[in-house]
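The values are calculated or read from the model by the stated rules, or taken from the named source; none is laboratory data. None of the values given here were measured: they were computed from a predicted structure. Positions of Cβ are generated from backbone atoms using ideal geometry, with glycine treated the same way; all protein chains shown enter the neighbour counts. Ligands, DNA and RNA are excluded from the accessible area calculation, which covers all protein heavy atoms including side chains. Shrake-Rupley method; radii C 1.70, N 1.55, O 1.52, S 1.80 Å.
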Amino acid sequence: MNILVRYRPAGGNAKEISASVEAAVRSGELAPGDQLPPVRSLAAELQVSPTTVAAAYAELRRRGIVTGAGRAGTKVRPAPPVTTRGYLRAPEGTRDLITGAPDPALLPAIPARPASPAGRMYADAPVSPRLRALAAERFTADGVDAASLAATGGALDAIERVLAVWLTPGDRVVVEDPGHAVTFDLVAAMGFTAVPAAVDECGMRPDELAAALGRGAGAVIVTPRAQAATGAAWDAARAAELRETLARFPAAGLIEDDHAGPVAGVAARTASPGRARWVNIRSASKSLGPDLRLAVVAGDETTIARVAGRQALGTGWVSYQLQDLVADLWSDPAPIEHAARVYAGRREALRSALAAHQIAATGRSGFTSWVPVPDEDRVASALAAAGWAVAPGRRFRIAAPPGVRISYATLREDEAEPLADAFARALATRTARLDLSSRGRGAGGGGEDADHWRAERERAGGQLGEAGGPQQVFDRAGGVAGRVGGGSGAAGLGRDRDPAAGC
């Protein structure tokens with residue numbers, strides 16, 4: 001636990017106290033994970049009411065700068081929206097399996113382009129005719145209604161714009177758990193409450209979605225394929241189940257973040273037909289490169305009109321030059337199909353190598369795999385010492401059991417076995433059996449782990465109480481690795497399935 005010793009907030013009212021904390025975060029005096037003073041002690045020090053300090057902390061939580069953690073205190077969020085967002089980085093001298101980017105060697109080369117007009121003028125349509133025609137054809141082929149389209153500066157820009165026209169601060173948003181860490185940060189920064197829903201090998205579980213929507217969530221963000229933490233992907237049956245579940249909550253908005261698109265390695269699925277409020281987002285980042293800041297968004301007419309209308313008052317539009325470049329690159333299937341085959345080979349090599357050590361690993365699609373472990377920091381540290389940098393799962397989960405995320409986009413097939421050998425050694429350095437009763441993780445447990453559970457409840461907006469405690473969350477998610485190098489896998493994820501065969 002990080003104890004605050006470097007900085008004490010100042011101020012005589014809630015506005016001044018919150019501004020003091022924000023300034024300290026912006027300047028680096030307060031770092032991610034640093035703990036703020038307890039409400040009553042700071043109130044006594046500043047000679048203000050505890051209610052004043054509580055209001056300041058509540059404002060900081062609403063803006064996504066801090067996270068409340070019950071008895072464990074209030075801490076600065078991992079990526080507060082007042083500084084340049086930092087991505088996890090691999091330690092020097094290690095093989096980088098942390099970064100979730102595509103392999104630069106598999107991205108199509110940007111072609112030389114002939115001289116062209118200046119691009120769009122003010123009165124032109126916001127989506128270029130070439131990109132609109134191409135995107136409409138692709139969406140339609142995948143069962144997505146392409147009548148209304150918008151272009152945004154990437155998938156996260158699209159998510160932010162859609163949530164802004166659907167919700168108001170304080171509303172709840174269902175997110176995948178484990179899931180996309182930056183999406184968690186965005187939801188918090190916009191003043192919404194993230195409600196976690198567990199995933200399995202086929203994506204968000206319908207029962208978890210139903211429970212979350214039943215508690216009043218106004219929107220849900222799902223990843224149909226290439227799920228950011230686990231590589232989960234919908235099959236036809238899961239898409240149908242989610243569609244049926246969503247039909248019981250017609251007012252909820254549906255955001256489908258199909259960020260990997262044609263390099264995901266599995267077919268596209270959608271649960272959008274029949275929805276009143278929905279969008280399906282196709283980003284260029286994974287198939288063409290993160291620096292091409294563009295996504296095409298299909299959605300219901302009202303949502304797309306509102307997104308485009310608000311965009312027109314700010315940035316105006318995404319450059320036609322960029323839109324037509326993306327259309328050119330997406331129009332040539334050969335490099336993209338080659339990349340998809342290479343990623344699939346790397347994915348299967350990794351899962352097979354881990355399975356040989358009886359290590360359960362997820363990943364039916366995309367670039368990432370999740371391995372459940374009892375102590376993610378210890379395993380990640382042991383792997384780093386062996387030259388392999390993987391990400392501890394804490395950054396990607398809210399109430400899900402511990403795990404580590406492996407980003408294998410650049411992992412050559414001949415590297416899979418050495419990595420799996422190192423992983424097995426990392427697990428074997430200490431017994432991997434998680435003894436819940438001895439560590440106080442039962443529903444009525446106390447001590448540090450009980451405080452951790454209370455913290456996770458509050459991070460999730462207090463919406464996890466129905467679970468009854470950490471043991472129930474583990475049970476709902478399907479358990480963790482039950483022995484050294486083995487186990488059932490996170491969220492009931494199998495390790496011997498053929499991705500092409502569905503779930």
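For region 282-436, treating each Cα as an identical point scatterer without solvent, what Debye log10 I(q)/I(0) comes out at q = 0.09, 0.13, 0.14 1/Å?
-0.44, -0.76, -0.82
For region 186-248, what class follows from the C-alpha gyration tensor (a ≥ b ≥ c being the square roots of its eigenvalues): rounded when a/c is under 1.5, otherwise prolate if a/b is larger than b/c, else oblate? Display every interim value, and only then the final one.
Values: a/c = 2.26, a/b = 1.26, b/c = 1.79.
Oblate is the answer for region 186-248, as a/c is 1.5 or above yet b/c matches or exceeds a/b.
Calculate the FRET efficiency for Y122 and D332 from the Cβ-Cβ distance with a Förster distance of 30 Å, rounded to the nearest 0.05.
0.45
Of the DSSP beta bridges with both residues in region 202-355, give the percent that are antiparallel, rounding to the nearest 5.
On the way: 5 of 14 bridges.
Of all bridge pairs located within region 202-355, approximately 35 percent are antiparallel.
Can you put M121, M204, M190 in order of accessible area, largest first, using a 1.4 Å probe? Can you show the working numbers first?
Details: M121 105, M204 0, M190 40 Å².
From most exposed to least exposed: M121, M190, M204.
How much area per residue is accessible in region 210-328 when the probe is 1.4 Å and only protein heavy atoms are counted (Å²)? Spell out each step's value before the answer.
Values: 3920 Å² over 119 residues.
Value returned for region 210-328: 33 Å² of accessible area per residue.
Just for region 133-264, what percent of DSSP beta bridges are antiparallel, to the closest 5? The partial results should precede the final answer.
Working: 2 of 14 bridges.
The antiparallel proportion sits near 15 percent.
What is the mean projected area of the alpha carbon convex hull for region 172-291, to one decimal in square nanometres? List each step's numbers first, then the result.
On the way: hull surface 27.6 nm².
That works out to 6.9 nm².
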